[in-house]
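Report on one structure; see the data block that follows.
The values are calculated or read from the model by the stated rules, or taken from the named source; none is laboratory data. Just so it is clear, the model here is predicted, and its values are computed rather than measured. Glycine gets a Cβ as well: all are built from the backbone with ideal geometry, and neighbour counts include every protein chain shown.
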Amino acid sequence: MSPSFDHLPDPEDDEFDEEEVDISDLRERFEVQLEQGLDGFVVIDGLPEVTEETKPKLIKFLLRKLNGVGKTREDSIFMPIGDDGKSHKFAFVEYASPAEAIAACKGLDGVPLDKKHTLRVNKLTDIDRFGKEGRIDENYTPQELKNPEGRGRDQFAMFKDDRVQVLWNNEKDAPESIVDRLHWTESFVQWSPQGTFLTSMHQQGVQLWGGPSWTRQKRFAHPFVNLVDFSPGEKYLTTWSHRAISIPEEGHPALSVEDEGKNYVIWDIETGKPLRSFAMLDLPSNSVDEAGQPVKRKVVWPAFKWSSDDKYVARLTQGSSISVYELPRMGLLDKTSIKIEGVMDFEWAPATPHREGVKTYEQLFCYWTPEIGSNPAKVGLMSIPSKEVVRTLNLFSVTDAKLHWQSDASYLCVKVDRHSKSKKSLATSLEIFRVREKGVPVEVVDSIKDTVINFAWEPKGDRFVIITAAEVVAATAVPPKTSVAFYTPEKVKGAGVGNFKHLKTYEKKNSNAIYWSPKGRFVIVATVHSQQSYDMEFYDMDFEGEKPEEWKDLTANLQLMNTADHYGVTDIDWDPTGRYVATSASIWKHAMENGYHLYDFKGEQLREEPVEKFKQWLWRPRPPTMLSKEEQKTIRKNLREYSKVFDQQDLDRGDRANQEEVEHRRRLLEEWMAWRANIEQDVREEREARGLPLDPVEGLVKRDEQGEDQVIEEIVEEIVEETEEVVG
């Protein structure tokens, strides 16, 4: 804030005498208002490195961008040159007014200068202010890296009643609390994808928590926020509220009048600033259902979907187009949406695809369109940023389609529900795109008799599980029986992957959900959200026992390891390592026997804890491993040796815990015995001082004249039952 002279006498006032009051020191201190003078300056970072000879050319090129948001001149740009004759890749720019400097920060920050350089623009006064507040140390001190200590445990967040806790998982022992807070959130909590932040939801907006002391790291002021979604790399955040944004007359701390009436906001997490806001898409005014009633607007979440590298975010306008925006400037790719007639859905590849023969950078997304007139339904793969359609597949008699990417984008499975000619029955086929192979061949698995109600790829693998159900003619109180089928590739020579083959089917099940371990190999097939059944089956796809002869040519050896049940189970969550599984029953979905069970990957129950008003269990995600592929291979190769060490550590820890418990009880007993001895000594001294017998019992026993004990009888009267009868 600029200094004020309101508290000083007015020199034009008759009562003011310059000789009596010397304000020269104040004039010298405040005459040049430093903060106001620098409000027109901005600092531009991210520039190319240039020399004294090439600097004028860069400045002229830069001026085109700078004068697009305000007025500045060539002599108002200062670009420091180092002792080596090269620039420091930043420049100071003076604008004609502070308002133009603010406009430059908002309009140019994150804008690409060329293909390799992106501008970062900040006010000079902000940088100076941060330094004065001690946020920036002038002397760089490298962070001291400490060797990790303790055993490898995972954290989880638990939300119960009005309390949120973050705890360490201690396997069979009770979890160890790290932080425990009342009213930490108003609706739910959510981890960021790599576990850096814990998200809390409030009427005023979203807050991100983390660090050693679980302090607030960021806040995003989106009033009445309902849902949030992070980009995969945790660079950006989407917030949504069912209420349109309304900016009060006094303004808003983060949003502007341009955001008025919008429902979605995309934020830069590092800066905490909004990048762009969007309104809800309106349905056509004539949208009605089969009964002729107006169609209610449904919220599709996430409405904005991220590319795997955080460089793009896209939004579907169902039936017409897909809009792809470039981050961080949030401009439309090529300044136009991608027109796709009838488009129903799309999904980004969850990893960079690395297609054979493609050496340029790309991200892929898939989409599908229904049959329109005489045109067949279609599935397409599009490359971004080129917008080239690299593969299409025509489909017929399509009722619905679902898009399922495998975790490293090696495969895309399109689950296609097809209707018969009479449209009275459905059948499912699986169209599998082998994305990394030349030409993206498509393999069809169409030997499925019933409708597929669930499909799940093995993470980081090439196997999948499906659940099928026979067509239900009419709604019944008892859900239909389902079948669980396992599929795996054939063995082939070399590094290739063979065709997908059926491994085994388990009939007459009630299962409706599939939960793969995040590391692959192990999978749970379960029944959730059911009032009649709550079974869980733990399978191993690489069982180390004898392999049946009919599976010799397949890349799997399936074994049912264990079964379990959890009454009212609503959620099943693997920890990031794939060692433990938490099953829980949330009060949000039913109000009986809420709480959680904890299992190991083999299905052995470790803990069972009823928790009153239990709401959420969320394992904290881990960031990507820093080990190279070679180091990971070495660990897997020597896993048995590591296991011996870990098993011994577990035994030692158990023995140590038992010994600590024994020592703790011994200390408690010794403390109690010492306290009792002190009390007895105090009683003896007091009785001696009062002339009483040392033995308190001695004075209570009275003897009669014959020396016999006197017996005293006491009669106690107790009313067992009392009734009252009114006689009329």
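Are any of the residues in the stretch 89-97 farther than 30 Å from Leu255 by Cα and surrounded by 12 or more Cβ atoms within 10 Å (Cβ to Cβ)? Yes, the stretch 89-97 has at least one match. Would you say Thr360 is touching a Gly at 6+ places or on another chain (Cβ under 6 Å), of a type outside the set (D, E, K, R) and more than 29 Å from Tyr515 (Cα to Cα)? The answer is no for Thr360.
Listed by position, the strands (runs of 3 or more DSSP E) inside the stretch 419-471 whose residues that are surrounded by 12 or more Cβ atoms within 10 Å (Cβ to Cβ) and over 34 Å from the mean Cα position of the chain (by Cα) number at least 3 form an empty set. For the residues Ala456, Ala427, Ala477, the requirement of being modelled with pLDDT of 95 or more and small (Gly, Ala, Ser) singles out Ala456.
Can Ala157 be described as modelled with pLDDT of 95 or more, farther than 17 Å from Trp619 by Cβ and buried (at least 17 other Cβ atoms within 10 Å of the Cβ)? So Ala157 fails the test. Of the numbered criteria (1) crowded, with 17+ Cβ neighbours inside 10 Å; (2) at pLDDT 95 or above, the one Leu255 fails is (2).
Scan the stretch 512-534 for residues that are at pLDDT 95 or above and small (Gly, Ala, Ser) and jot them down. Those that are at pLDDT 95 or above and small (Gly, Ala, Ser): Ala513, Ser517, Gly520, Ala526.
Scanning the stretch 515-556 for residues that are surrounded by 19 or more Cβ atoms within 10 Å (Cβ to Cβ) and farther than 17 Å from Arg579 by Cα yields Ala526, Thr527, Val528, Tyr534, Leu554, Thr555, Ala556. Of the residues that make up the stretch 618-640, is at least one assigned to a strand (DSSP E or B) and not charged (D, E, K, R)? Yes, the conditions are met somewhere in the stretch 618-640. Might you check whether a residue that is in a loop (DSSP other than H, G, I, E, B) and aliphatic (A, V, I, L, M) occurs anywhere in the stretch 496-505? Scanning the stretch 496-505 turns up at least one residue that is in a loop (DSSP other than H, G, I, E, B) and aliphatic (A, V, I, L, M). Report yes if Trp184 is out of contact with any Cys (no Cβ under 7 Å at 6 or more places or on another chain), of a type in the set (Phe, Trp, Tyr) and closer than 19 Å to Trp588 by Cα, otherwise no. So Trp184 passes the test. Would the stretch 672-694 turn up any residue that is in a helix (DSSP H, G or I) and under 28 Å from Gly152 (Cβ atoms)? Scanning the stretch 672-694, I find no residue that is in a helix (DSSP H, G or I) and under 28 Å from Gly152 (Cβ atoms), so the answer is no. When Leu627 is tested against (1) surrounded by 10 or more Cβ atoms within 10 Å (Cβ to Cβ); (2) among the hydrophobic types (A, V, I, L, M, F, W, C); (3) modelled with pLDDT under 85; (4) farther than 30 Å from Trp209 by Cβ, only condition (4) is not met. Among the residues of the stretch 370-402, the one identified as among the hydroxyl-bearing types (Ser, Thr, Tyr) and on the phi > 0 side of the Ramachandran plot is Ser397. Here Arg640 passes the criteria (1) more than 24 Å from the chain's Cα centre (by Cα); (2) surrounded by 11 or more Cβ atoms within 10 Å (Cβ to Cβ) except the one numbered (2).
Applying the condition of being of a type in the set (Ser, Thr, Tyr) and modelled with pLDDT of 95 or more to the stretch 385-409 and asking which residue is nearest to Glu362 (Cα to Cα) yields Ser386.
Per-residue answers, yes or no, for (1) farther than 15 Å from Thr239 by Cβ; (2) at pLDDT below 95; (3) outside any loop (DSSP other than H, G, I, E, B):
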| residue | (1), (2), (3) |
| --- | --- |
| Leu283 | yes, yes, no |
| Arg315 | no, no, yes |
| Ser323 | yes, no, yes |
| Phe346 | yes, no, yes |
